[in-house]
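Written below as structure tokens is the structure these notes are about.
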Amino acid sequence: MNSLNKPLKQILSKYFFKYWRCNNHKFPSSLKDNILHNVNRFLECGDPKVGYTSFICLKCKTIHKTPFSCKSRFCSSCGRAYSETWAHNLTNNLINCSHRHAVFSLPNGWLRNIFFKKRHLLKDLAEASYLALKYSFNKMGISTFGSISTIHTFSRKIEWNPHIHCLVTFGGLNKSNQWKNIKNLPWQVLRKAWQKCVLDIIAKYAKNINSQHLKNKVSLTYKRYPNGFYVNAKSKVGNFKIIAKYIGRYLARPAVADYRIIFFNSKIVKFWYQNPDSKKKLIITLT
């Protein structure tokens, strides 16, 4: 399929700029230029009008033109290529041991919304997942372990849902530098540690801007979620090829792939998605 005819490019080229004129006020000011820049790069990706490289056969003189790619991680093709290359190069630095794929989530509501409005706090969210793991591993007598974290800001249904995908070694070194395997993670400890590390980010921000309202929300959230925030780390990852595939899958994929889009027009977009625990395809329609 010609890249110019793919559903995502058609949707953005036909409808994005009209939408943007009416709705750009809903987005943080610091992001507006980046959004426009990446959309335009994506739309120009693979278009020979923007630029191309020519190759000529010295025998038959046939000329082949290859359009320039945008190399943006926002692009459904360039982003995928970037993530696959990154993951492949990373395999040389991975520890030869069993790993777990962990997902650190936030409860719906005000907590997710504050990370939408204050995007600079997202980098602290990745650090929070590492600190939660570090605290939990220390409880098991492990002082050194390996982890790779990536931030995702959307769900399968294309909702705003900031969460962390983390690949973590299922074991580590104790204080004597001896390797120690673990059978299970201390779930209650990990969930409460994740909750505290996240709320510490908000508490620090509330202190910086002197917001008593935000401080009160932090206190109420501890009471509302006495068992901590949700963490899922049941997925076991074995050999390096599978690990690389996992990392590539979650590093830079688009919010919705072209093949998942069933139908679109000027009013709606219809696509399918799957929940993590089911292979059943669910259909959703968005304006």
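The values are calculated or read from the model by the stated rules, or taken from the named source; none is laboratory data. Nothing here was measured: the structure is a model prediction, and the numbers come from that model. Glycine also receives a Cβ, built like all others from the backbone with ideal geometry; neighbour counts cover every protein chain displayed.
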Residue check for ILE11: exposed (fewer than 12 other Cβ atoms within 10 Å of the Cβ) and out of contact with any helix residue (DSSP H, G or I) (no Cβ under 8 Å at 6 or more places or on another chain): no
Region 35-48 residues that are closer than 10 Å to PHE74 by Cβ and in contact (Cβ under 8 Å) with a residue 24 or more places away in the chain, paired with ones that are assigned to a helix (DSSP H, G or I) and of a type in the set (Asp, Glu) (beta carbon under 6 Å, 6 or more apart): none
Residue in region 57-67 that is charged (D, E, K, R), assigned to a strand (DSSP E or B) and surrounded by fewer than 15 Cβ atoms within 10 Å (Cβ to Cβ) present: yes
Residue within region 223-235 that is touching a His at 6+ places or on another chain (Cβ under 6 Å) and not charged (D, E, K, R) present: yes
Residue under evaluation LYS32, criteria (1) modelled with pLDDT of 90 or more; (2) closer than 20 Å to ALA257 by Cβ, criterion not met: (2)
Test: LEU121 is outside any loop (DSSP other than H, G, I, E, B), surrounded by 15 or more Cβ atoms within 10 Å (Cβ to Cβ) and in contact with a helix residue (DSSP H, G or I) (Cβ under 6 Å, 6 or more places away or on another chain): yes
Odd one out for LYS139 among (1) surrounded by fewer than 17 Cβ atoms within 10 Å (Cβ to Cβ); (2) more than 20 Å from ASN174 (Cα to Cα); (3) modelled with pLDDT of 90 or more; (4) not β-branched (Val, Ile, Thr): (2)
Residues within region 29-50 that are surrounded by 10 or more Cβ atoms within 10 Å (Cβ to Cβ) and not in a helix (DSSP H, G or I), tallied: 5
Residue within region 86-94 that is in contact (Cβ under 8 Å) with a residue 24 or more places away in the chain, of a type outside the set (Val, Ile, Thr), over 30 Å from ALA193 (Cβ atoms) and out of contact with any strand residue (DSSP E or B) (no Cβ under 6 Å at 6 or more places or on another chain) present: yes
Options SER129, SER105: the member that is small (Gly, Ala, Ser), surrounded by 14 or more Cβ atoms within 10 Å (Cβ to Cβ) and touching a Ser or Thr at 6+ places or on another chain (Cβ under 8 Å): SER129
Count of residues meeting criterion [among the β-branched types (Val, Ile, Thr) and assigned to a loop (DSSP other than H, G, I, E, B)] in region 153-172: 1
Among residues of region 133-186, those that are among the aromatic types (Phe, Trp, Tyr) and either farther than 30 Å from SER83 by Cα or touching an Asp or Glu at 6+ places or on another chain (Cβ under 9 Å) (or both), counted: 1
Residue check, ARG156 charged (D, E, K, R) and surrounded by fewer than 18 Cβ atoms within 10 Å (Cβ to Cβ): yes
Boolean, ALA81 is touching a helix residue (DSSP H, G or I) at 6+ places or on another chain (Cβ under 7 Å) and within 26 Å of TYR259 (Cβ to Cβ): no
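Residue-wise test of (1) more than 15 Å from ARG112 (Cα to Cα); (2) surrounded by fewer than 15 Cβ atoms within 10 Å (Cβ to Cβ).
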| residue | (1), (2) |
| --- | --- |
| PHE170 | yes, no |
| PRO186 | yes, no |
| LEU190 | yes, no |
| VAL198 | no, no |
| PRO226 | yes, yes |
Failed criterion for ALA132 (all others in (1) in contact with a Pro (Cβ under 8 Å, 6 or more places away or on another chain); (2) under 15 Å from ASN232 (Cα atoms) hold): (1)
